[in-house]
1. Mind listing whichever residues of region 76-91 are without any contact (Cβ under 8 Å) to a residue 40 or more places away in the chain and either in contact with an Asp or Glu (Cβ under 8 Å, 6 or more places away or on another chain) or open to solvent by 50 Å² or more (accessible area, probe 1.4 Å) (or both)?
2. Select, from Asp72, Asp95, the only residue that is touching a Lys or Arg at 6+ places or on another chain (Cβ under 7 Å) and open to solvent by 50 Å² or more (accessible area, probe 1.4 Å).
3. What are the pairs, 6+ residues apart or on separate chains, where a residue within region 41-54 that is farther than 12 Å from Arg79 by Cβ has its Cβ under 8 Å from a residue that is open to solvent by 10 Å² or more (accessible area, probe 1.4 Å) and basic (Lys, Arg)?
4. For region 98-127, give me the residue count where each residue is loosely packed, with under 15 Cβ neighbours inside 10 Å, part of a loop (DSSP other than H, G, I, E, B) and among the polar types (S, T, N, Q).
5. What pairs come out if I take residues in region 10-35 that are farther than 16 Å from Ile63 by Cα and touching a residue at least 40 places away in the same chain (Cβ under 8 Å) and pair them with residues that are part of a helix (DSSP H, G or I) and open to solvent by 20 Å² or more (accessible area, probe 1.4 Å) whose C-beta lies under 6 Å away, six or more apart or interchain?
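The values are calculated or read from the model by the stated rules, or taken from the named source; none is laboratory data. Computed from a prediction, not measured in an experiment: that's the story for all the values here. All Cβ positions, even for glycine, are placed from backbone atoms using ideal geometry, and neighbour counts span all protein chains on display. Just so you know, the surface numbers come from the protein's heavy atoms only, side chains and all, with ligands and any DNA or RNA stripped out. Shrake-Rupley method; radii C 1.70, N 1.55, O 1.52, S 1.80 Å.
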Amino acid sequence: FSADADPQVAAACASSLGLLGGADAVAVLGKVLAMEPGSEVRPALVRVYAAHGLALAGRPEAIASLRRAAEDAEPAVRRAAVLALGVLGSKTDDDVQKTLRRRLDSDRDVSCRDATVVALGRQGATP
């Protein structure tokens, strides 16, 4: 995930890493998604695919990173995060439900709200 790498290649790597599904993959993808202060700046495309990779990994420990990403400044990242939460979360997970409801109620981007409805529906929750 070098900053010099082609973003499309790095995005494909993020999805592929998610297919491995291990705890190490989830940790790396969580860091890519987070863009924590002092970390390399990653294009939104790479962060979108990091969220996708976390969904593919299927590990519940990815939920915390995805909940934070659901608040990202980039609509594409928020959209990917809520869709991944729809895969990994459940309608009985209060924190996931609060995150999704907040996106549905307050996101200014219609595509993010649409993705949130899909995520809630996937979990069997009523939007």
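1. Arg78, Arg79, Leu83, Val87, Lys91
2. On inspection, the qualifying residue turns out to be Asp95.
3. As it stands, the answer is Ala50/Arg42, since those pairs meet every condition given.
4. Qualifying residue count, region 98-127: 1.
5. Between residues of region 10-35 that are farther than 16 Å from Ile63 by Cα and touching a residue at least 40 places away in the same chain (Cβ under 8 Å) and residues that are part of a helix (DSSP H, G or I) and open to solvent by 20 Å² or more (accessible area, probe 1.4 Å), the close pairs are Ser15/Tyr49; Ser15/His52.
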